[in-house]
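The values are calculated or read from the model by the stated rules, or taken from the named source; none is laboratory data. Because the structure is a prediction, the values reported are computed rather than measured. Virtual Cβ from ideal backbone geometry, glycine too; neighbours counted across all protein chains shown.
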């Protein structure tokens, strides 16, 4: 679907010179490109968000590792005592270990979901601010179109139409004032 839309936009862009010569357009077309992925990862806000996520991952991983070690210890203890335990006592311990394993798996699933949500929230907030900055730059500098460089849809771009560095710089300035 994205490729189809790019072809439509490029087709319209290619037909603009012909329309301009017939008096349909009064101003020249100015095109820019931004790499939002790079802007997100190289901006100060993006770097801080990544550091916060990594810190959260490290702390949660420690809790998960401890829970895993606890399960391993319980299983080892069961193996040591298996010969002397009654079938009922053995079943009770096995059920308890299964319950711990289910809690462990649920903890991992919840942790992954929490990380994805935190990442989504941080990314959305930064990208929203960047879109505003992109619009400001487009208006100030007279851009007609600004394409997003990601997803491999744009194969070649002259560096002089890439506004990524300017967006990162302005976003950092705005973010520093807000921090």
Residue list for segment 61-95, filter: surrounded by 13 or more Cβ atoms within 10 Å (Cβ to Cβ) and outside any helix (DSSP H, G or I): 85
Selection status of residue 121, part of a helix (DSSP H, G or I), at pLDDT below 95 and either surrounded by fewer than 17 Cβ atoms within 10 Å (Cβ to Cβ) or more than 19 Å from the chain's Cα centre (by Cα) (or both): no
Qualifying residues in segment 151-165 (those that are touching a strand residue (DSSP E or B) at 6+ places or on another chain (Cβ under 9 Å) and assigned to a helix (DSSP H, G or I)) - the one nearest to residue 38 (Cα to Cα): 164
Top-ranked residue of segment 1-28 - restricted to ones that are surrounded by 13 or more Cβ atoms within 10 Å (Cβ to Cβ) and more than 17 Å from residue 155 (Cβ to Cβ), ranked as modelled with the lowest pLDDT: 20
Residues satisfying the stated conditions in segment 126-161, i.e. closer than 28 Å to residue 57 by Cα and free of Cβ contacts under 8 Å to residues at least 12 places away in the same chain: 128
Filter result (modelled with pLDDT of 90 or more and either surrounded by 14 or more Cβ atoms within 10 Å (Cβ to Cβ) or outside any loop (DSSP other than H, G, I, E, B) (or both)) within segment 141-150: 141, 143, 144, 145, 146, 147, 148
Single condition residue 165 does not satisfy, out of (1) on the phi < 0 side of the Ramachandran plot; (2) loosely packed, with under 13 Cβ neighbours inside 10 Å; (3) at pLDDT below 95: (2)
